[in-house]
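Since the structure comes first, as structure tokens, the remarks are kept for the end.
The values are calculated or read from the model by the stated rules, or taken from the named source; none is laboratory data. Values in this document were obtained by computation on a predicted structure and should not be read as measured data. Ideal geometry is used to build each Cβ from the backbone, glycine not excepted, and the neighbour counts take in all protein chains shown. Ligands, DNA and RNA are stripped out before the accessible areas are found, and what is left, the full protein with its side chains, is counted by its heavy atoms. Shrake-Rupley method; radii C 1.70, N 1.55, O 1.52, S 1.80 Å.
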Amino acid sequence: MTEQATFAGGCFWCTESVFKQIDGVTDVVSGYAGGHVADPSYEAVCRGETGHAECIQITYDPDEVSYEDLLAVHFTTHTPTTKDREGNDVGTQYRSAVFYHDEAQRETVEALIEEIEPGYDSDIVTEVEPLETFYPAEEYHQDYFEKNPDQSYCQLTIPPKIEKLKEKHAELLA
């Protein structure tokens, strides 16, 4: 039986690429959550009109990888201390967030933040909120790095995140 986790940590092309490397992750879908407009478009999200964050929804086998492990990857492969920003990407759509699916996930992420925050130079600004609706992004955003490996943005931003994953969480790699 699989479970789901929904995280926002900057551009979804980057986060999708990271989580697809993890053993026990069976699917990663780029999309939008946390906004106030039904069925948002990428263009409207980018203009800041919808309140959504670019995020990913991960389907995983909890017998192979735990929610705690996925959270650990989330917090080490993006910057959870910058509000509405990841690297050069700036705007509310790039905010750090965990959209929890149930109370157990909420309790787990809140406990983890409390545990790891002293290790950061600044406060963790990751939003922790219930997942109300996840909207899959347009098809051309799915598997973006695999489909566009030579795209310059991807070349600059994704490999360092994957290297950090390999460095900090090698035991989770497929």
When the stretch 87-128 is examined, which residues are found to be under 24 Å from Glu43 (Cα atoms) and open to solvent by 40 Å² or more (accessible area, probe 1.4 Å)? Gly87, Asn88, Val90, Thr92, Glu127
With respect to Glu43, determine if the residue is open to solvent by 30 Å² or more (accessible area, probe 1.4 Å) and not polar (S, T, N, Q). yes
For the stretch 141-165, give me each residue that is of a type in the set (Phe, Trp, Tyr) and within 18 Å of Gln93 (Cα to Cα). Tyr144, Tyr153
For the stretch 76-86, does any single residue satisfy the condition of being touching a Leu at 6+ places or on another chain (Cβ under 6 Å) and of a type in the set (Val, Ile, Thr)? yes
Name, by its number, the condition in (1) surrounded by fewer than 16 Cβ atoms within 10 Å (Cβ to Cβ); (2) among the hydroxyl-bearing types (Ser, Thr, Tyr); (3) touching a Ser or Thr at 6+ places or on another chain (Cβ under 7 Å) that does not hold for Tyr140. (3)
The stretch 21-37, residues that are open to solvent by 30 Å² or more (accessible area, probe 1.4 Å) and either touching a Ser or Thr at 6+ places or on another chain (Cβ under 6 Å) or touching a residue at least 60 places away in the same chain (Cβ under 8 Å) (or both): Gln21, Asp23, Thr26, Asp27, Val29, Gly34, Gly35, Val37
Look at Glu54 and say whether it is touching a Phe, Trp or Tyr at 6+ places or on another chain (Cβ under 8 Å) and at pLDDT below 95. no
Kindly establish whether Glu86 is at pLDDT below 95, touching a Gly at 6+ places or on another chain (Cβ under 8 Å) and of a type in the set (Asp, Glu). yes
Take the residues in the stretch 1-20 that are open to solvent by 50 Å² or more (accessible area, probe 1.4 Å) and either charged (D, E, K, R) or at pLDDT 95 or above (or both); name whichever of them is nearest to Tyr135 (Cα to Cα). Gln4
Tell me whether the stretch 67-84 contains one or more residues that are open to solvent by 30 Å² or more (accessible area, probe 1.4 Å), of a type outside the set (Phe, Trp, Tyr) and more than 16 Å from the chain's Cα centre (by Cα). no
Among the strands (runs of 3 or more DSSP E) lying completely within the stretch 1-84, list those that include at least 3 residues that are of a type in the set (A, V, I, L, M, F, W, C) and under 18 Å from Ala174 (Cβ atoms). 25-33
